[in-house]
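**Student:** My structure is below; once you've seen it, I'll send some questions.
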Amino acid sequence: MPKGRAFAPQYASVQHRDETAEIGMWVFLATEVLLFGGLLFAYFVYRHANPAAFAEAGRHTRIVIGTANTAILLTSSFFVACAVNALQADARRTCIAMLVSAMLLGLLFLGLKAAEYAGEYHEHLVPGVDFSYVAPLADGVELFFIFYFVATSIHAVHMVIGIAVLATLAVLLRRSASTRMRAALHSAALYWHFVDVVWIVLFALIYLPGRSGT
Amino acid sequence: MTEPDYLNSAYTLRSWFFTTDHKRIAILYFATLIGFFFIGGAAATAIRIELATPQADLVSSDTYNRLFTMHGVIMVWFFLIPSIPNTLGNFIVPLMIGARDLAFPRLNLMSWYLFIAGGSVTLFAILAGGIDTGWTFYTPFSTLYSNSYVIVAVTGIFIAGFSSILTGLNFIATVHRLRAPGLTWYRLPLFIWSLYATSVILVLATPVLAITLVLLATERFLGVGIFDPRIGGDPLLFQHLFWFYSHPAVYIMILPGMGVVNELISCFSRKPVFGYKFVAWASLAIAAVGFLVWGHHMFVSGQSLLASLVFSFMSFIVAVPSAIKVFNWTATLHKGSLRFDAPMLYALAFLGLFTIGGLTGLFLACLAFDVHATDTYFVVAHFHYIMVGGMVTAYFGGLHYWWPKITGRLYSEYWARTAAVLIFFGFNLTFFPQFVLGAEGMPRRYHVYPPEFQVWNVLSSGGATILAAAYLLPMFYLGYSLFFGRRAPANPWDAPGLEWQTPSPPPEFNFESQPVVTRAPYQYGPDFAAEPQNA
Ligand code: HEM
Ligand SMILES: [Cu+2]
């Protein structure tokens, strides 16, 4: 019986294990694409049905915060990529520093997002909680904001999970930097980049309607 | 000497509830699913009793709504979707491909806990008063008008969905990465191809259901209109999203059964499956095209005629790979040395019942006919022929086939054959009359009906009694075999698959040494014994 090995018995080698973990992560990301895909599909259906209302609603979003948040997330992804590189070069402390920076940026993102939500609350733009909008297009505007809140909060949940994962990795890395950690960091990085990509798509759908040329 | 088998490696509760052994997790799932099958079955029993007479005598309309919803929700999400993948699949997949476990054993255990969590939440909704929306949760009824525990129920289904996703993910990674040396894709047993295709659907369709349920719960909880037409929402959007998941999901509920049937038919014809590559790719074709036909559930919903035409056409296309399989199984039987052991009886029953279910699916895919038949008992009969006549029969067939491997015991062949015949007979008596009822126009989901329909309903209820008894039978003789059955040899069916090359029940890590594969599957025949696969 293959006990006392560094890796589980179903694997032939450490490399075998790590490659399998990576496949698992990619399959998981495929699931995530379809999760957001369903949501985006619904968004497009309604945007197609209410183009004017979505443009009007889009102008009520806070593009400065949105743009800042996009920059913040992209930077955090850069740090995460650096962390992966650092670990490959066995620079454990740099790696941890990179992870902590990425986490802090992630928290900053969430803070700004919360400020944005508060602003929308004051403007009575939160459907189901406090929504009043007096205009002929109110229904369409409300639909837009429902999607805005559902999509951004699901994204925020992903951010929280991502931050928790990075934090766990940072703590564990202080103790050791086994190959297993390398594989885990690699998967975590994939996830973080994915959440970042989702945000870039959301950015275009939330902040740009009504502001682009047409 | 030999190590203890997986059942005897440890006895504590902990060694079961925190096990990462795919075989033990399969047993955990198996026990859980028996429970859900009973709950769903109890609801079905109540429905059939009520329908024995034209008036309402057992339950009120409201209770009746809750009964058929409970039946559908439990049977679809808590029995049929996990049935073969999570029990037989969990147990057999690593053995079949010569691996020591699935790729991610802890995720496997987690999927069971998620399933238990989701199941408990949904059961709570049922016990607290039930859900009256039908398993389809159509809006705006489910969000605006229903006075039942919709949010709780969909939360349970949402959680169980993640258990499905984890299972699919695990199988995909396992099939890609853990095949034994020499086990190329075209040497894989077709059961593996089917489960692989199933897993692709699990991973790609389930998240769409998840987000749809989130939107539904949001609408209901916050009172905002996502699908509510009063503020510009679109109830049809819900149906599109729901069926985008649920049509592929019906293939989650048949592909694993098809996979089992490959193994059974080739074993008891003593021949390789005819046209192996066609059958293998047919599974993937079903998984792919199955994503493009959802609109056939919405022919009368008011979607555009063009959409209906396209969906009708695609529904005919998706039947092609299923038909290929049926033809190839029949060709496998041709000139085989047939043996009618119990698993084979189940496989043959599957063949006939699935064919009827599939062909009536084609009727329904015709626009002109569907307008007449939609929401009648014809549809109910169609999908029961596939889901119960097909999948549940295959599940029983596979269970008998691998029972000696799983438990190390042999069951009574006499009783097993009796049960198989009774199931076939009881099933047809239950559901064939429903085709007639549907064709004559009896709508589904009502508990009172005009008296002229009574004859067929009585036949159906009578058949259901036989079917219920036949489903109970295995509990007894399989249960009996656990304690008093003869010990099973490693390979009771003289089958060449890897799972038969290790003792019954298998040791904790499946194989004493890593098997190496040197040839295609299903090499039955005189020379097979001379050429052991285990290197
Ligand atoms: C051969 C391919 C198939 C075709 C062409 C087909 C066609 C159809 C059509 C057109 C309907 C809609 C009828 C209506 O609501 O008016 C339908 C309903 C249904 N089919 Fe199939 N089907 C096929 C295979 C399957 C399979 C493999 C399963 C399950 C394992 C299945 C399960 C169902 C279910 C559950 C419904 C009813 C859903 C509901 O309204 O509650 N079908 N089918
Ligand atoms: Cu369908």
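**Student:** Being out of contact with any helix residue (DSSP H, G or I) (no Cβ under 6 Å at 6 or more places or on another chain) and within 12 Å of ligand 1 (Cβ to nearest atom) is the filter; apply it to region B:318-331 and report the residue that is farthest from the other protein chains (Cβ to nearest Cβ).
**Tutor:** In the first step, residues of region B:318-331 are kept if they are out of contact with any helix residue (DSSP H, G or I) (no Cβ under 6 Å at 6 or more places or on another chain); the result is B:320, B:323, B:327, B:330-331.
Still in the running and within 12 Å of ligand 1 (Cβ to nearest atom): B:320, B:323.
Numbers: B:320: 25, B:323: 28 Å.
In this case the residue turns out to be B:323.
**Student:** For residue B:276, which of the numbered conditions (1) aromatic (Phe, Trp, Tyr); (2) away from chain A (no Cβ under 14 Å); (3) within 13 Å of ligand 1 (Cβ to nearest atom) fails to hold?
**Tutor:** Answer for residue B:276: the failing condition is (3).
**Student:** Among the listed residues B:311, B:299, identify the single one that is within 13 Å of ligand 2 (Cβ to nearest atom), crowded, with 22+ Cβ neighbours inside 10 Å and not in a helix (DSSP H, G or I).
**Tutor:** On the way: B:311 fails: not in a helix (DSSP H, G or I).
Answer to the selection: B:299.
**Student:** Let me ask something additional. How many residues are touching an Asp or Glu at 6+ places or on another chain (Cβ under 6 Å) and within 21 Å of residue B:93 (Cβ to Cβ) if we restrict to region B:22-73?
**Tutor:** 1
**Student:** Those residues that are within 14 Å of chain B (Cβ to nearest Cβ) and crowded, with 17+ Cβ neighbours inside 10 Å, I need them from region A:157-183; list them, please. Break it down stepwise before answering.
**Tutor:** Within region A:157-183, the subset within 14 Å of chain B (Cβ to nearest Cβ) is A:157-158, A:161, A:180, A:183.
Matches in region A:157-183: A:158, A:183.
**Student:** I'd like to verify a number: residues in region A:56-73 that are under 10 Å from residue A:209 (Cβ atoms) and either crowded, with 20+ Cβ neighbours inside 10 Å or β-branched (Val, Ile, Thr) (or both), how many?
**Tutor:** Start the filter on region A:56-73 by keeping residues that are under 10 Å from residue A:209 (Cβ atoms), which leaves A:56-59, A:61.
Add one more test, that the residue is either crowded, with 20+ Cβ neighbours inside 10 Å or β-branched (Val, Ile, Thr) (or both), and what stays is A:56-58, A:61.
Summing the residues that are under 10 Å from residue A:209 (Cβ atoms) and either crowded, with 20+ Cβ neighbours inside 10 Å or β-branched (Val, Ile, Thr) (or both) in region A:56-73 gives 4.
**Student:** Same structure, new question: Looking at region B:355-380 only, could you name the residues that are within 15 Å of ligand 2 (Cβ to nearest atom) and within 17 Å of the chain's Cα centre (by Cα)?
**Tutor:** B:357, B:358, B:380
**Student:** Okay, moving on. Can you name the condition, by its number, that residue B:226 falls short on among (1) away from ligand 1 (no atom under 16 Å from the Cβ); (2) over 22 Å from residue A:151 (Cβ atoms)?
**Tutor:** Among (1) away from ligand 1 (no atom under 16 Å from the Cβ); (2) over 22 Å from residue A:151 (Cβ atoms), residue B:226 violates only (2).
**Student:** State all residues of region B:261-294 that are within 16 Å of ligand 2 (Cβ to nearest atom) and closer than 19 Å to residue B:89 by Cβ; if no residue qualifies, say none.
**Tutor:** Answer for region B:261-294, where residues must be within 16 Å of ligand 2 (Cβ to nearest atom) and closer than 19 Å to residue B:89 by Cβ: B:286, B:287, B:290.
**Student:** Only helices (runs of 4 or more DSSP H) wholly contained in region A:1-120 count here; list those with 3 or more residues that are in contact (Cβ under 8 Å) with a residue 60 or more places away in the chain and either under 30 Å from residue B:98 (Cα atoms) or acidic (Asp, Glu) (or both).
**Tutor:** Values: elements: A:14-49, A:51-58, A:63-88.
Once the helices (runs of 4 or more DSSP H) in region A:1-120 are filtered for at least 3 residues that are in contact (Cβ under 8 Å) with a residue 60 or more places away in the chain and either under 30 Å from residue B:98 (Cα atoms) or acidic (Asp, Glu) (or both), what remains is A:14-49.
**Student:** For region B:216-230, what are the residues that are within 7 Å of chain A (Cβ to nearest Cβ) and either of a type in the set (Gly, Ala, Ser) or crowded, with 22+ Cβ neighbours inside 10 Å (or both)?
**Tutor:** Of all residues in region B:216-230, those within 7 Å of chain A (Cβ to nearest Cβ) come to B:218, B:222-224, B:226.
Across region B:216-230, the qualifying residues are B:223, B:224, B:226.
**Student:** For region B:99-150, how many residues meet the condition of being under 23 Å from residue B:243 (Cβ atoms), in contact with a helix residue (DSSP H, G or I) (Cβ under 7 Å, 6 or more places away or on another chain) and within 14 Å of chain A (Cβ to nearest Cβ)?
**Tutor:** 2
**Student:** If you check B:85, B:94, which single one turns out to be under 23 Å from residue B:250 (Cα atoms), away from ligand 2 (no atom under 16 Å from the Cβ) and at pLDDT 95 or above?
**Tutor:** Values: B:94 fails: under 23 Å from residue B:250 (Cα atoms).
Of the residues listed, the single one that is under 23 Å from residue B:250 (Cα atoms), away from ligand 2 (no atom under 16 Å from the Cβ) and at pLDDT 95 or above is B:85.
**Student:** A follow-up question, please. Given the residues B:395, B:411, which is the only one that is in contact with a Ser or Thr (Cβ under 9 Å, 6 or more places away or on another chain), in a loop (DSSP other than H, G, I, E, B) and not small (Gly, Ala, Ser)? Working first, answer last.
**Tutor:** Details: B:395 fails: in a loop (DSSP other than H, G, I, E, B).
From the options B:395, B:411, the qualifying one is B:411.
**Student:** Also, quick follow-up: Quick check on this structure: which one of B:508, B:499 is at pLDDT 95 or above and touching a Phe, Trp or Tyr at 6+ places or on another chain (Cβ under 9 Å)? Step through it out loud before you land on a result.
**Tutor:** On the way: B:508 fails: at pLDDT 95 or above.
Of B:508, B:499, the one residue that is at pLDDT 95 or above and touching a Phe, Trp or Tyr at 6+ places or on another chain (Cβ under 9 Å) is B:499.
**Student:** Please work out if residue B:206 is closer than 16 Å to residue B:297 by Cβ, of a type in the set (S, T, N, Q) and facing chain A (nearest Cβ under 8 Å). Outline the logic, then answer.
**Tutor:** Working: closer than 16 Å to residue B:297 by Cβ: no; of a type in the set (S, T, N, Q): yes; facing chain A (nearest Cβ under 8 Å): yes.
Answer is no for this residue.
**Student:** Could you check region B:332-372 and list, in sequence order, the residues that are away from ligand 1 (no atom under 16 Å from the Cβ), of a type in the set (Gly, Ala, Ser) and loosely packed, with under 15 Cβ neighbours inside 10 Å? So that I can check it myself, show each step before the final result.
**Tutor:** As a first pass, look at region B:332-372 and keep what is away from ligand 1 (no atom under 16 Å from the Cβ): B:332-348.
Of the ones still in play, those that are also of a type in the set (Gly, Ala, Ser) are B:336-337, B:342, B:347.
Of everything in region B:332-372, just one residue is away from ligand 1 (no atom under 16 Å from the Cβ), of a type in the set (Gly, Ala, Ser) and loosely packed, with under 15 Cβ neighbours inside 10 Å, namely B:337.
**Student:** Here's a follow-up. Right, residue B:128: out of contact with any Lys or Arg (no Cβ under 9 Å at 6 or more places or on another chain), over 22 Å from residue B:85 (Cα atoms) and of a type outside the set (Val, Ile, Thr) or not? Walk me through how you get there before you give the answer.
**Tutor:** Values: out of contact with any Lys or Arg (no Cβ under 9 Å at 6 or more places or on another chain): yes; over 22 Å from residue B:85 (Cα atoms): yes; of a type outside the set (Val, Ile, Thr): yes.
Here the answer is yes, as residue B:128 does meet what is asked.
**Student:** Here are some conditions: (1) part of a helix (DSSP H, G or I); (2) within 9 Å of chain A (Cβ to nearest Cβ). Residue B:233 meets all but one. Which one does it not meet?
**Tutor:** (1)
**Student:** Can you pull out every residue in region B:364-385 that is farther than 16 Å from residue B:307 by Cβ and among the acidic types (Asp, Glu)?
**Tutor:** Scanning region B:364-385 gives a single hit, B:375.
**Student:** Going through region B:173-194 one residue at a time, which ones are within 12 Å of chain A (Cβ to nearest Cβ) and surrounded by fewer than 24 Cβ atoms within 10 Å (Cβ to Cβ)?
**Tutor:** Going through region B:173-194, the residues within 12 Å of chain A (Cβ to nearest Cβ) turn out to be B:173-181.
Those that are within 12 Å of chain A (Cβ to nearest Cβ) and surrounded by fewer than 24 Cβ atoms within 10 Å (Cβ to Cβ): B:175, B:176, B:177, B:178, B:179, B:180, B:181.
**Student:** What is the one condition in (1) facing another protein chain (nearest Cβ under 9 Å); (2) surrounded by 24 or more Cβ atoms within 10 Å (Cβ to Cβ) that residue B:197 does not satisfy?
**Tutor:** Checking residue B:197 against (1) facing another protein chain (nearest Cβ under 9 Å); (2) surrounded by 24 or more Cβ atoms within 10 Å (Cβ to Cβ), the one that fails is (1).
**Student:** Scan (1) surrounded by fewer than 22 Cβ atoms within 10 Å (Cβ to Cβ); (2) closer than 30 Å to residue B:493 by Cβ; (3) within 14 Å of chain A (Cβ to nearest Cβ) for the single condition residue B:287 breaks and write down its number.
**Tutor:** (1)
Here's the yes/no breakdown for (1) touching a Gly at 6+ places or on another chain (Cβ under 6 Å); (2) surrounded by fewer than 18 Cβ atoms within 10 Å (Cβ to Cβ); (3) free of Cβ contacts under 8 Å to residues at least 40 places away in the same chain; (4) not charged (D, E, K, R):
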{"position": "B:431", "(1), (2), (3), (4)": "no, no, no, yes"}
{"position": "B:484", "(1), (2), (3), (4)": "no, yes, yes, yes"}
{"position": "B:493", "(1), (2), (3), (4)": "no, no, no, yes"}
{"position": "B:508", "(1), (2), (3), (4)": "no, no, no, no"}
{"position": "B:514", "(1), (2), (3), (4)": "no, yes, no, yes"}
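**Student:** Another question, then. Can you tell me how many residues within region B:9-44 are without any contact (Cβ under 8 Å) to a residue 12 or more places away in the chain and either within 14 Å of another protein chain (Cβ to nearest Cβ) or of a type in the set (D, E, K, R) (or both)?
**Tutor:** 2
**Student:** Can you tell me which residue within region B:373-395, out of those that are without any contact (Cβ under 8 Å) to a residue 60 or more places away in the chain and either closer than 19 Å to residue B:299 by Cβ or within 8 Å of ligand 1 (Cβ to nearest atom) (or both), is farthest from the other protein chains (Cβ to nearest Cβ)?
**Tutor:** Out of the qualifying residues, it is B:381.
**Student:** Among the listed residues B:85, B:94, which satisfies the condition of being touching a residue at least 12 places away in the same chain (Cβ under 8 Å), crowded, with 20+ Cβ neighbours inside 10 Å, within 14 Å of another protein chain (Cβ to nearest Cβ) and under 24 Å from the mean Cα position of the chain (by Cα)? Full working, then the answer.
**Tutor:** Numbers: B:85 fails: within 14 Å of another protein chain (Cβ to nearest Cβ).
That would be B:94, the only listed residue that is touching a residue at least 12 places away in the same chain (Cβ under 8 Å), crowded, with 20+ Cβ neighbours inside 10 Å, within 14 Å of another protein chain (Cβ to nearest Cβ) and under 24 Å from the mean Cα position of the chain (by Cα).
**Student:** Right, here's the next one. Only one residue in A:190, A:166, A:173 is over 30 Å from residue A:130 (Cα atoms), in a helix (DSSP H, G or I) and in contact with a Cys (Cβ under 7 Å, 6 or more places away or on another chain). Which one?
**Tutor:** Details: A:190 fails: in contact with a Cys (Cβ under 7 Å, 6 or more places away or on another chain); A:166 fails: in contact with a Cys (Cβ under 7 Å, 6 or more places away or on another chain).
Among A:190, A:166, A:173, only A:173 is over 30 Å from residue A:130 (Cα atoms), in a helix (DSSP H, G or I) and in contact with a Cys (Cβ under 7 Å, 6 or more places away or on another chain).
**Student:** So, one more: When you scan region B:166-187, do you find a residue that is in a loop (DSSP other than H, G, I, E, B) and over 25 Å from residue A:13 (Cβ atoms), even just one? Full working, then the answer.
**Tutor:** Here is the first cut: in region B:166-187, the residues in a loop (DSSP other than H, G, I, E, B) are B:178-184.
Checking the rest, the ones that are also over 25 Å from residue A:13 (Cβ atoms) come to none.
Scanning region B:166-187 turns up no residue that is in a loop (DSSP other than H, G, I, E, B) and over 25 Å from residue A:13 (Cβ atoms).
The values are calculated or read from the model by the stated rules, or taken from the named source; none is laboratory data. Note that this is a predicted model, so its numbers are computed, not measured. Methodologically, a virtual Cβ is constructed for each residue, glycine included, from the backbone with ideal geometry; neighbour enumeration extends over all protein chains shown.
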